[in-house]
1. To the nearest 20 debye, what is the magnitude of the charge dipole of the range 30-125 about its Cα centre, counting +1 on the Cβ of each Lys and Arg and -1 on the Cβ of each Asp and Glu?
2. Please state the relative contact order of the range 105-215 as a whole percent: Cα pairs under 8 Å, 6+ residues apart?
3. Please state the charge dipole magnitude for the range 105-215, taken about the Cα centre, from unit charges on C-beta atoms (+1 on K and R, -1 on D and E), reported in debye and rounded to the nearest 20.
4. Compute the angle between helix 204-216 and the longest alpha-carbon principal axis of the chain, please, reported from 0 to 90 degrees and rounded to the nearest 10.
5. Tell me, what is the percent relative contact order of the range 222-315, built from C-alpha pairs under 8 Å that lie six or more residues apart?
6. For the pair Asn59 and Ser26, how long in nm is the line joining their label points, each one 7 Å along Cα→Cβ?
7. Using the Cα atoms of the chain to build a convex hull, what is its mean projected area in square nanometres?
8. For the pairs Lys16/Lys209; Lys209/Lys317; Lys113/Lys260; Lys166/Lys228; Lys96/Lys228; Lys228/Lys317, note any where the Cα-Cα span goes beyond 29 Å.
Amino acid sequence: MFWWTSIAAADYLPVKASKLAGEVDSIYNFILICSIVSFILLMGGMAYFIVKYRRRTENDKTAYISHNHTLEFLWSFIPFVLFMVMFFWGWKVFHKMRQFPEDAVQISVTGRKWAWTITYANGTQLVNELVIPANKPVVLNMTSEDVIHSFYVPSFRVKQDVVPGKRSRLAFEAIEVGDYRIFCAEYCGTQHSQMIGQVHVVSDADYAKWEKEQSEQGSLTPVQKGAKLYKTQACFTCHSTDGSKIVGPSWKGLWGSPRKFADGSSIPEANEEYIRASMLNPNEHIVEGYTPAMPTYQGRLSEEQINDLIEYMKTIK
Ligand code: CUA
């Protein structure tokens, strides 16, 4: 397929899965075609003039031309018109994107190093998974717990920074049932490239079914709650449960094992006191072979949640 038919069909871009994706692509293609045509005219013109007006002999002189009103007007006015079209067209679509309907499905999103926590109005929490109904407006109310992240769904043509201490919003309407990638589009540290999630767009009936299932999940045991926190608090981005080394020590076999620290000290076994201190004052004792990378969870985890996590940790042998 030739590049121009590809541009006309916009099939070099990700699948268009939201209501405004087509309009975004149209502006993008308009700008791209303007750029390609300008590039050919400018570079072609330059090459043509280089050849045509090259110095042929020692005394070769070209005519002295000071200015040309028509030409000067045209090379100012045509770009001006093109830029105005880009601006007003872009502004029109941007304005549509920044509509946050009251009756939309409202979902909270929290970015943290290095995962997305999705919280629904009924309390359901998911990590790196966003389940939404098709053909219904969705508004994400987003913030960050640590640094700037950026919530990006290429197939929806939406991207929004999430900033600590600030609420940012993102609206879209999915038109196609399916799974789409979520990326973090703002460099946020070691595991930035792993801060990846999925949007599951489902039919109305499936969404209602899923909502019901979630609310029916009765009370959980401390171990189950701990396992859930391991995900929602994004512990898994730094601590594996299979013994592999990520950013921090694995949780496999951690409970009760002897610990050696970078400063040469050690403790005979990892007990409650040590693990609790590691969550609240992570940089006090750095395990040998690791660097201080963990933020404090003081104020982020309740005492009960710390206990749940410890109960869960005990089961990973
Ligand atoms: Cu979060 Cu990059």
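1. Working: 10 positive and 5 negative charges, 68 e Å.
Value, rounded to 20: 320 debye.
2. Details: 262 pairs, mean separation 32.1, N = 111.
Taking the mean separation of contacting Cα pairs over the length of the range 105-215, I get 29 percent.
3. Values: 11 positive and 12 negative charges, 60 e Å.
Computed about the Cα centre, the dipole is about 280 debye.
4. That works out to roughly 30 degrees.
5. Values: 131 pairs, mean separation 33.1, N = 94.
RCO, the range 222-315: 35 percent.
6. 6.2
7. On the way: hull surface 107.5 nm².
So the Cα hull casts an average projection of 26.9 nm².
8. Values: Lys16/Lys209 26 Å; Lys209/Lys317 36 Å; Lys113/Lys260 26 Å; Lys166/Lys228 26 Å; Lys96/Lys228 37 Å; Lys228/Lys317 18 Å.
Violating the 29 Å Cα-Cα cut-off are Lys209/Lys317; Lys96/Lys228.
Laboratory data are not the source of any read-out in this text; all were calculated from the coordinates shown. Just so we're clear, the structure is a prediction, and the values are computed from it rather than from any experiment. Note: ideal-geometry Cβ built from the backbone for every residue, glycine included; neighbour counts use all protein chains shown.
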